[in-house]
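The values are calculated or read from the model by the stated rules, or taken from the named source; none is laboratory data. From a predicted model like this one, the values you see are computed outputs, not experimental measurements. All Cβ positions, even for glycine, are placed from backbone atoms using ideal geometry, and neighbour counts span all protein chains on display. When the accessible area is computed, the model is the full protein with side chains, heavy atoms only, and any ligands, DNA or RNA have been set aside. Shrake-Rupley method; radii C 1.70, N 1.55, O 1.52, S 1.80 Å.
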Amino acid sequence: MKPSKTSKSWMQEHVNDPWVQKAKAAGYRARAAFKLLEVDKKDRLLKPGMVVVDLGSAPGSWSQIAGPKVKPGGELFALDILPMEALPDVTFLQGDFREESVLAEFEKLLAGRAVDLVLSDMAPNMSGNAVSDDGRMMYLAELALEFSRDHLRPGGNMLIKVFQGAGFTEYRAEMQKTFRSVVSRKPEASRDRSAEVYLLGLDKKP
């Protein structure tokens with residue numbers, strides 16, 4: 001199938017993107033690594049000894065950043081339906097975290113430890129239809145919030161990517177029911193024209 005003008009222009013923009021080039025030079029799997037680095041520098045989310053979960057982790061750029069930062073003493077669990085190449089300092093579980101069998105395996109790996117931080121840079125495959133894309137993005141965000149409610153310890157934090165579109169205000173209100181503070185972050189490595197923004201839920205309520 002012949003590539004569309006849109007996909008061609010996206011690919012050209014992607015290849016010429018300075019953040020993509022920086023990621024390649026630094027050995028990161030995706031430009032998204034710089035987004036987490038910037039948020040962590042500002043909010044100091046990642047510390048040695050923490051138990052952290054990276055939802056929708058593939059290809060692994062956030063895990064590349066978070067894994068070493070929780071050592072010594074901590075552990076990073078990366079979960080994704082898609083395969084992900086192994087990384088040092090990362091325990092990867094392939095599967096759908098909505099499924100009981102996958103959650104049971106995850107809880108077995110946790111071995112009774114509480115989760116300190118949930119990370120989610122998940123996004124759906126984009127269709128170009130804003131209404132459809134917003135809806136699918138919010139569905140993923142709701143799944144991540146539900147996961148955090150079930151597994152995050154009181155006082156724990158969650159960093160999640162969302163779109164500023166349909167359902168954004170309602171979703172932020174839901175986060176505010178779970179966390180004592182919710183702030184937004186728009187890292188430099190996030191494209192200006194992108195509707196993505198990161199919501200940081202701080203200090204989960206008991």
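Conditions tested, residue by residue: (1) among the hydroxyl-bearing types (Ser, Thr, Tyr); (2) more than 18 Å from Asp121 (Cα to Cα); (3) crowded, with 18+ Cβ neighbours inside 10 Å.
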| residue | (1), (2), (3) |
| --- | --- |
| Arg136 | no, no, no |
| Ala141 | no, no, yes |
| Ala144 | no, no, yes |
| Phe147 | no, no, yes |
| Leu152 | no, no, yes |
| Asn157 | no, no, yes |
| Phe163 | no, no, yes |
| Thr169 | yes, yes, no |
| Phe179 | no, yes, yes |
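So which of Lys47, Lys42, Lys35, Lys71 is under 25 Å from Gly156 (Cα atoms), modelled with pLDDT of 95 or more and within 14 Å of the chain's Cα centre (by Cα)? Testing whether each residue is under 25 Å from Gly156 (Cα atoms), modelled with pLDDT of 95 or more and within 14 Å of the chain's Cα centre (by Cα) leaves just Lys35. Does Arg172 satisfy the criteria of being in contact with a helix residue (DSSP H, G or I) (Cβ under 6 Å, 6 or more places away or on another chain), modelled with pLDDT of 95 or more and of a type outside the set (Phe, Trp, Tyr)? Criteria not met by Arg172. Is it the case that region 110-122 has a residue that's under 22 Å from Leu45 (Cα atoms) and in a helix (DSSP H, G or I)? Scanning region 110-122, I find at least one residue that is under 22 Å from Leu45 (Cα atoms) and in a helix (DSSP H, G or I), so the answer is yes.
Scanning region 59-100 for residues that are among the β-branched types (Val, Ile, Thr) and within 15 Å of Asp40 (Cβ to Cβ) yields Ile65, Val70.
Would you check if there is a residue in region 183-195 being over 20 Å from Gly56 (Cα atoms), β-branched (Val, Ile, Thr) and open to solvent by less than 70 Å² (accessible area, probe 1.4 Å)? Checking region 183-195: at least one residue is over 20 Å from Gly56 (Cα atoms), β-branched (Val, Ile, Thr) and open to solvent by less than 70 Å² (accessible area, probe 1.4 Å).
So that you can scan it fast, the table gives a plain yes or no per residue for (1) at pLDDT 95 or above; (2) assigned to a helix (DSSP H, G or I); (3) not hydroxyl-bearing (Ser, Thr, Tyr):
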site	(1), (2), (3)
Lys108	yes, yes, yes
Met126	no, no, yes
Tyr139	no, yes, no
Phe147	yes, yes, yes
Arg153	yes, no, yes
Gly165	no, no, yes
Leu202	yes, no, yes
